[in-house]
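Colleague: Got a structure here, written out as structure tokens. Questions coming.
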Amino acid sequence: MYLPTAFADDRPEVLHDFIRANPLGLLVSAGALGLVADPIPFLMYPDEGEFGTLRAHLARANPHGPALKDVDDCLVAFTGAQAYITPSWYAAKAEHGKVVPTWNYAAVHAWGKPRLIDDAAWVRRLVGDLTASQEQGRLAPWAVEDAPADFIDGMVRAIVGVEIPIRRIEGKFKATQNRAMADRVGVVEGLRAQGPLSEPMATLVAQRGDVPQS
């Protein structure tokens, strides 16, 4: 990932929090099947390994699983807020007109050697943890134990676990930090004027660019 200094963030706690907030990662590997990618939800275990450990599961029928046995490295790409940025929002447009559009986004990439885990108890525990991470805070949270045990056992037999100790991780938060403050303010105001769908990027630009709260 192209990583200009202005947009880079290597703080583990920030990158781990980003993964928790955006758990659907794109698992990419290049093995016997060639270049393969699957979007799957991951759990982040920050205290395991040098940079943390990722865990997930794949359908047993997915050929990507067996292909992971033969690779020494894989990439998991997590993405967050993203938005088109029109130069019309820049104060610089009125000053000199030397502006062009761009695209803001946030992403975290993690690399590591994957390990398949074909252990029913391990997979069952992972499924429970993943479910709990998404159900917490709901008015009527669902738990794996709410379904019949024999049904869950059958579902667990149909999946395999994946564990990836992270050996390298990097984050990119492209949020107008390279522009003058007047331009950052204009981007925040422009994004917020577009409505709720643009609020996550507006918030990111305000945070990363130290934009004063109005």
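The values are calculated or read from the model by the stated rules, or taken from the named source; none is laboratory data. All figures in this text were calculated on a predicted structure; none of them were measured in a lab. Positions of Cβ are generated from backbone atoms using ideal geometry, with glycine treated the same way; all protein chains shown enter the neighbour counts. Just so you know, the surface numbers come from the protein's heavy atoms only, side chains and all, with ligands and any DNA or RNA stripped out. Shrake-Rupley method; radii C 1.70, N 1.55, O 1.52, S 1.80 Å.
Colleague: Inspect the stretch 41-63 for any residue being under 24 Å from LEU191 (Cβ atoms), among the aromatic types (Phe, Trp, Tyr), at pLDDT 95 or above and open to solvent by less than 20 Å² (accessible area, probe 1.4 Å) and give the result as yes or no. Write out each step before concluding.
Modeller: Let us first name the residues in the stretch 41-63 that are under 24 Å from LEU191 (Cβ atoms), namely none.
No: zero hits.
Colleague: Across the stretch 1-37, what is the number of residues that are part of a helix (DSSP H, G or I) and open to solvent by less than 30 Å² (accessible area, probe 1.4 Å)? Steps first, please.
Modeller: The first filter runs over the stretch 1-37 and keeps only residues part of a helix (DSSP H, G or I), leaving 5-7, 12-21.
With open to solvent by less than 30 Å² (accessible area, probe 1.4 Å) added as a condition, the list becomes 7, 15-16, 18-19.
Here the count works out to 5.
Colleague: Follow-up. Inside the stretch 155-177, can you point out the residues that are hydrophobic (A, V, I, L, M, F, W, C) and at pLDDT 95 or above?
Modeller: As a first pass, look at the stretch 155-177 and keep what is hydrophobic (A, V, I, L, M, F, W, C): 155-156, 158-160, 162, 164, 166, 169, 173, 175.
ALA158, ILE159, VAL160, VAL162, ILE164, ILE166, ILE169, PHE173, ALA175, listed by residue number.
Colleague: Related question: If a residue must be part of a loop (DSSP other than H, G, I, E, B), at pLDDT 95 or above and over 20 Å from LEU191 (Cα atoms), how many such residues does the stretch 90-117 contain?
Modeller: Final tally of qualifying residues: 2.
Colleague: Being among the hydrophobic types (A, V, I, L, M, F, W, C) and surrounded by 14 or more Cβ atoms within 10 Å (Cβ to Cβ) is the filter; apply it to the stretch 156-167 and report the residue that is farthest from the chain's Cα centre (by Cα). Working first, answer last.
Modeller: Of the residues in the stretch 156-167, the ones among the hydrophobic types (A, V, I, L, M, F, W, C) are 156, 158-160, 162, 164, 166.
Filter again for surrounded by 14 or more Cβ atoms within 10 Å (Cβ to Cβ), leaving 156, 159-160, 162, 164, 166.
Working: VAL156: 25, ILE159: 22, VAL160: 21, VAL162: 17, ILE164: 15, ILE166: 14 Å.
The residue in question is VAL156.
Colleague: Regarding the stretch 79-86, can at least one residue be identified that is of a type in the set (Ser, Thr, Tyr) and under 30 Å from GLY161 (Cβ atoms)? Can you show your working first?
Modeller: Filtering the stretch 79-86 for residues of a type in the set (Ser, Thr, Tyr) gives 79, 84, 86.
Now drop any that are not under 30 Å from GLY161 (Cβ atoms), which leaves 79.
The answer is yes; a qualifying residue exists.
Colleague: Taking the condition of being crowded, with 16+ Cβ neighbours inside 10 Å and farther than 16 Å from LEU26 by Cβ, how many residues in the stretch 66-85 meet it?
Modeller: Number satisfying all stated conditions: 3.
Colleague: Which of the residues spanning the stretch 136-174 are in contact (Cβ under 8 Å) with a residue 60 or more places away in the chain and either β-branched (Val, Ile, Thr) or not in a strand (DSSP E or B) (or both)?
Modeller: Those that are in contact (Cβ under 8 Å) with a residue 60 or more places away in the chain and either β-branched (Val, Ile, Thr) or not in a strand (DSSP E or B) (or both): ARG157, ALA158, ILE159, VAL160, VAL162, ILE164, ILE166, ARG167, ILE169.
Colleague: Can you tell me how many residues in the stretch 12-39 are free of Cβ contacts under 8 Å to residues at least 40 places away in the same chain and in contact with a Gly (Cβ under 8 Å, 6 or more places away or on another chain)?
Modeller: Residues in the stretch 12-39 being free of Cβ contacts under 8 Å to residues at least 40 places away in the same chain and in contact with a Gly (Cβ under 8 Å, 6 or more places away or on another chain): 2 in total.
Colleague: Within the stretch 87-101, identify whether any single residue is in contact with a Pro (Cβ under 7 Å, 6 or more places away or on another chain), under 27 Å from ASP73 (Cα atoms) and surrounded by fewer than 19 Cβ atoms within 10 Å (Cβ to Cβ), and answer yes or no.
Modeller: Narrowing the stretch 87-101 to residues in contact with a Pro (Cβ under 7 Å, 6 or more places away or on another chain): 87, 93, 99-101.
Okay, now just the ones that are also under 27 Å from ASP73 (Cα atoms), so none.
No: zero hits.
Colleague: Right, another one. Just one of (1) within 28 Å of VAL127 (Cα to Cα); (2) of a type in the set (Gly, Ala, Ser); (3) not in a helix (DSSP H, G or I) trips up ALA83, so point out which.
Modeller: (1)
Colleague: Find all pairs meeting these conditions: Cβ atoms under 8 angstrom apart; at least six residues apart or on different chains; first residue within the stretch 188-199 and under 16 Å from TYR90 (Cβ atoms) and open to solvent by less than 100 Å² (accessible area, probe 1.4 Å); second residue part of a helix (DSSP H, G or I) and small (Gly, Ala, Ser).
Modeller: Every condition considered, the pairs that remain are VAL188/ALA202; VAL188/ALA206; GLY190/SER88; LEU191/SER198; LEU191/ALA202; ARG192/SER198; ARG192/ALA202.
Colleague: Could you count how many residues in the stretch 191-214 are assigned to a helix (DSSP H, G or I) and either charged (D, E, K, R) or under 25 Å from the mean Cα position of the chain (by Cα) (or both)?
Modeller: Adding up the residues that qualify gives 15.
Colleague: I would also like to ask the following. Would the stretch 139-147 turn up any residue that is over 23 Å from the mean Cα position of the chain (by Cα) and under 28 Å from CYS74 (Cβ atoms)?
Modeller: So the first thing to find is which residues in the stretch 139-147 are over 23 Å from the mean Cα position of the chain (by Cα), and the list is 139-147.
Of the ones still in play, those that are also under 28 Å from CYS74 (Cβ atoms) are 144.
Yes, because at least one residue in the stretch 139-147 is over 23 Å from the mean Cα position of the chain (by Cα) and under 28 Å from CYS74 (Cβ atoms).
Colleague: Scan the stretch 175-187 for residues that are of a type outside the set (Gly, Ala, Ser), surrounded by 15 or more Cβ atoms within 10 Å (Cβ to Cβ) and not in a helix (DSSP H, G or I) and report the count.
Modeller: The total comes to 3.
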